[in-house]
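First up is the structure itself, then whatever we jot down about it.
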Number of protein chains: 2
Amino acid sequence: MSFFPSVLDELIERFASLPGIGIKSAQRLAFHILSMPENEAVGFADTITKAKSTIHCCTVCQNLTDKEVCGVCSDPRRDHSTVCVVADPKDVAAIERTREYNGSFHVLHGVISPMNNIGPDDIKLNELVDRVVSGDVKEIIMATNPDTEGETTAKYIARLLKPFDVKVTRLAYGIPVGGNLEFADDATLSRAIEGRTLL
Amino acid sequence: MSFFPSVLDELIERFASLPGIGIKSAQRLAFHILSMPENEAVGFADTITKAKSTIHCCTVCQNLTDKEVCGVCSDPRRDHSTVCVVADPKDVAAIERTREYNGSFHVLHGVISPMNNIGPDDIKLNELVDRVVSGDVKEIIMATNPDTEGETTAKYIARLLKPFDVKVTRLAYGIPVGGNLEFADDATLSRAIEGRTLL
């Protein structure tokens, strides 16, 4: 039984349903909303509605955008023959931050994960194949996370694209920059030795 | 510089402005909102607006309510001559959960805190004095937190109400039930000895 007005309970429940927010945090957040100036709270609500209604997937690369085609895909200065495949829009942001990469992206919105009942049809894989089939793409850089599911997805896609005239590459594994050999895990160290390069 | 659509950045900023939410959590929450079904996201936004517009302070006890007078204050079965004074609506909920208390409440919405520039006029203290002046109140139970500011506020209120014919009491201090003497802090243990009762 609760001792708050029902709409406050509802607000607390809504916050508690978000990932990583427990009931105590949800209470604190709900009370914070109540203590906000009216226009700020309404602005928060409006932003949620607006974000939900205007943001969707880019028709080319499936990254999130509020336009039909996202900024990267519509930029003529970028190299659209190279496609970096990532699992998540956040990974696009991470790669863009490096300012090293001038190609385009493809966002899978997930990875193949039999444990979680996510198969190849549940991620944006057909859209990637369509891009390859329609020509122009020369290199696919697999940039899924270096964990079991990311690896599996990368290998699956590489095999899927074998019949096409496209080079499929993978991000390099190794010791992180600024990392410490002593504390590197065995798997990373093995891959770093395996992938050693000429100085 | 950000690589997300601007409305998504705005949503992330809104979440990041909430207490205890860092930028990474804010991103995760914003992406969660985008992955929600449309009606759930709109429902979230509506709940924020509705909570903000319908919830206000009870005209008697200043607890949060969506009615003019809250459920406790309008309940004729409760003892309105005993008023438990708390700092926060969450404290009302905590005391109500015990099902031990049948009096009414008064919510200060804060404690006196010179460090944070919060004086007696910044909390709902005048409203409490008005309740005492208008008669009927026989006992005030101070239930502010047992920290410096809560203590100061309790003592300040006790002195303020001295001229009136009202008993001012304080919640008991002591070892928490299920607690361990060995791990009790000195201050708590001192207060437990001082406040010992006859078996």
Inset, instruction - Amide H neighbours of A:ARG170 under 5 Å, at least 5 residues apart or on other chains, H built in the peptide plane: list them. - result: A:MET142
Inset, instruction - Count the lysine pairs in region B:119-199 whose Cα atoms lie under 16 Å apart, taking only pairs 8 or more positions apart in sequence or on different chains. - result: 4
Inset, instruction - List, in order, the whole-Hz ³J(HN,Hα) value for each residue of region B:185-199 obtained from phi through the Karplus relation with A = 6.51, B = -1.76, C = 1.60 and θ = phi - 60°; use x for Gly and Pro. - result: 6, 4, 4, 5, 5, 4, 5, 5, 5, 4, x, 4, 10, 6, 7
Inset, instruction - Could you tell me what percent of the DSSP beta bridges with both partners in region B:1-125 are antiparallel, to the nearest 5? - result: 40
Legend entry - Neighbouring partner chain Cβ atoms per residue of B:37-49, average, 10 Å criterion: 6
Inset, instruction - Please work out which residue of chain B brings its Cβ closest to the axis of the rotation superposing B onto A, and round that distance to whole Å. - result: B:ALA45, 2
Legend entry - Residue range of chain A that is longest and free of trypsin sites (Lys or Arg not before Pro) which are both DSSP loop and sparsely packed (at most 11 other C-beta within 10 Å): A:100-195
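Within region A:46-199, what whole-number % of the accessible surface is contributed by carbon and sulfur, with the 1.4 Å probe and all protein chains included in the calculation? It would help to have the intermediate numbers written out before the result.
Working: 4940 of 9290 Å².
The C+S portion of the solvent-accessible surface of region A:46-199 is 53 percent.
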Inset, instruction - Using Cα centres only, tell me the gap between region A:98-154 and region A:171-196 in whole Å. - result: 24
Legend entry - Label 7 Å beyond Cα on the Cβ vector: B:ILE23 copy-to-copy distances, nm: 3.4
Inset, instruction - Determine, from the Cβ-Cβ distance of A:ILE23 and A:LEU160 and an R0 of 45 Å, the FRET efficiency 1/(1 + (r/R0)^6), rounded to the nearest 0.05. - result: 0.55
Legend entry - Hz values of 3J(HN,Hα) by residue in region B:55-64 - Karplus curve (6.51, -1.76, 1.60), Gly and Pro given as x: 8, 8, 7, 4, 5, 8, 9, 6, 6, 6
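Once A and B are treated as a pair rather than alone, how much accessible area drops out, both sides summed, in Å² to 100, probe 1.4 Å?
Approximately 4800 Å² gets buried when A meets B.
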Legend entry - Per-copy distances of the B:LEU160 label point, shortest first, in nm (7 angstrom along Cα→Cβ): 6.7
Inset, instruction - Tell me which residues come under 5 Å, amide H to amide H, from B:HIS106 once H is placed; ignore anything under 5 positions away on its chain. - result: B:CYS84, B:VAL85, B:VAL86
Legend entry - Rel. contact order, % - alpha carbon contacts under 8 angstrom, at least six apart, region A:67-199: 21
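Normalising by the residue count of region B:57-142, find the relative contact order in percent from Cα pairs under 8 Å and 6+ residues apart. Before the final figure, lay out each step's value.
Values: 126 pairs, mean separation 27.8, N = 86.
The normalised contact order for region B:57-142 reaches 32 percent.
Can you show me the helix-derived [θ] at 222 nm for chain B, built from DSSP H runs with n ≥ 4 at -39,500 (n - 2.57) apiece and divided by the number of residues, rounded to the nearest 500.
Working: 7 runs with 82 residues, N = 199.
My calculation for chain B gives -12500 deg cm²/dmol from helical runs alone.
Treat every Asp and Glu Cβ in chain A as -1 and every Lys and Arg Cβ as +1, leave all other atoms uncharged, and give the resulting dipole magnitude about the Cα centre to the nearest 20 debye. Could you put the intermediate results ahead of the total?
On the way: 21 positive and 28 negative charges, 80 e Å.
Roughly 380 debye for chain A.
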Legend entry - region A:1-157: relative contact order in percent, alpha carbon pairs under 8 Å with at least 6 residues between: 17
Inset, instruction - State, to one decimal in nm and shortest first, how far the label point of B:GLY119 sits from each corresponding label point in the other identical copies (label point: 7 angstrom along Cα-to-Cβ). - result: 7.2
Inset, instruction - Would you calculate the separation in nanometres between label points at B:ASP186 and B:VAL42, each defined as 7 Å from the Cα along the Cα-to-beta-carbon direction? - result: 6.2
Inset, instruction - Could you tell me whether region B:4-92 comes out rounded, prolate or oblate from its Cα gyration tensor? Rule is a ≥ b ≥ c as square roots of the eigenvalues, rounded for a/c under 1.5, then prolate if a/b exceeds b/c, otherwise oblate. - result: prolate
Inset, instruction - Give, in nm to one decimal, the length gained when the segment between A:VAL129 and A:LYS90 is fully stretched (0.36 nm per residue of separation minus the Cα-Cα distance). - result: 11.8 nm
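Take every DSSP beta bridge whose two residues both sit in the protein assembly as shown, then give the antiparallel share in percent to the nearest 5. Please list the in-between numbers first.
Working: 6 of 32 bridges.
Given both bridge residues lie in the protein assembly as shown, the antiparallel proportion sits at roughly 20 percent.
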Legend entry - Other-chain or far-sequence residues with amide H under 5 Å of B:HIS80's (modelled H): none
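The values are calculated or read from the model by the stated rules, or taken from the named source; none is laboratory data. Being a predicted model, the structure only gives us computed values, none of them experimental. FYI the Cβ positions are ideal-geometry reconstructions off the backbone, even for glycines, and counts take in every protein chain you see. These area figures cover heavy atoms from the full protein model, side chains too; ligands, DNA and RNA do not enter into them. Shrake-Rupley method; radii C 1.70, N 1.55, O 1.52, S 1.80 Å.
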